[in-house]
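As C-alpha cells, the structure follows; a few thoughts come after it.
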Amino acid sequence: MNLLDRLIHPDERIALFIDGANLYSAAKGLTFDIDYRKLLDEFKQHGRLVRAYYYTALVEDQDFSPIRPLVDWLDYNGYSLVTKPAKEYTDANGRRRFKGDMDVEITVDLLQATAFVDHAFLFSGDGDFRAAIEAVQRKGMRVSVVSTIKSNPPMASDDVRRTADNFVDLVDLANLIGRPPRERSEGRHDYAQEDKDRD
C-alpha cells in the first residue's frame, strides 16, 4: 500500500490541479524531475481520475520556448492545458524576466470542479490558495496539497498546509512520479525566478 492508497477512496472522483511553475521549482529543489506519464498513471490507479489540469504561462514571442515541447506533450497525453501569455519585465539588474501568475485560473477551476469532483489534488504550496481551499471545502470537496517543506527554501506555506485536508510532501511521491534530473540547458525557462517574483 502506498501513500495514495491511504489518501484516495476507490470510488472517489479526483482531479489534479498542477501549478506548473510551482511544481517545477519544488521538484528542482528536491533534485528530481517529474515524469508526467507516471504521475497520470499513478493517479489513474486510484479512484476515478476525472481531469488533470496543468497551468502555465507561455512566452509568446520567442522562436523557441523551452517549455513548449512539454506543453505539447501534455496536451496530447491526457492533460487539460490552461495557458496564458507571460508578462515580460526588466529586473533591477537590467535582465529580461517573465512572470505569469495562474492563481486566478486555478481558483476558478477549483470552484467549478466542486460540481463533479470529490477530491482535488492541488500541486502548489502557494499560501494565496488558502481562501480557495476553504471555499471548496465548504462545498464538500476534499483537498490534498502536494508541495514540499524539505527544499531550501520550503515551497509550501504554513497556511495551505494547515487548511488542506491532507498535505503530501513531494519528496514522498518521488519514487512514484519522479525520475533523475536531466542536464538543464542554459536557455531553459527560469521558473524558479518566476516563482520568486510571484511572492
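Can you work out the accessible area per residue across the chain, with the rest of the protein chains kept in place, probe 1.4 Å, in square angstrom?
50
With both partners inside the chain, how many of the DSSP beta bridges are antiparallel, as a percent to the nearest 5?
About 20 percent, rounded to the nearest 5.
Find the centroid of the Cα atoms in segment 88-150 and in segment 6-46, then give the distance between the two in whole Å.
So the separation of the two Cα centres works out to 14 Å.
How much of the accessible area of the chain, in percent, comes from carbon and sulfur atoms when a 1.4 Å probe is used?
Percent of accessible area from carbon and sulfur atoms in the chain: 46.
Among all the lysines, which ones have a C-alpha under 21 Å from residue 99's C-alpha, if same-chain residues fewer than 8 places away are not counted?
Within reach: 28, 84, 87, 196.
Taking square-rooted eigenvalues a ≥ b ≥ c of the alpha carbon gyration tensor, is segment 63-123 rounded, prolate or oblate, where a/c under 1.5 means rounded and, failing that, a/b exceeding b/c means prolate?
Oblate shape, in that a/c is at least 1.5 and b/c is the bigger or equal ratio.
Under 26 Å between alpha carbons, and skipping anything fewer than 8 positions from residue 139 in its own chain: which lysines qualify?
Cα-Cα hits under 26 Å: 44.
Taking a ≥ b ≥ c as the square roots of the eigenvalues of the Cα gyration tensor of the chain, is the shape rounded (a/c under 1.5), prolate (a/b larger than b/c) or oblate?
prolate
Taking Cα atoms, how many degrees apart are the long axis of helix 103-113 and the longest axis of the chain, rounded to 10 and kept between 0 and 90?
Once rounded, the angle reads 20 degrees.
Once ligands and nucleic acids are excluded and a 1.4 Å probe is used, how much of residue 46 is accessible, expressed in Å² to the nearest 10?
Rounded to the nearest 10, that gives 10 Å².
Amide H of residue 168 versus every other amide H placed in the peptide plane: which residues, excluding those fewer than 5 positions away on the same chain, fall under 5 Å?
145, 146, 147
The values are calculated or read from the model by the stated rules, or taken from the named source; none is laboratory data. Being a predicted model, the structure only gives us computed values, none of them experimental. Keep in mind that these areas ignore ligands, DNA and RNA; they rest on the heavy atoms of the full protein, side chains included. Shrake-Rupley method; radii C 1.70, N 1.55, O 1.52, S 1.80 Å.
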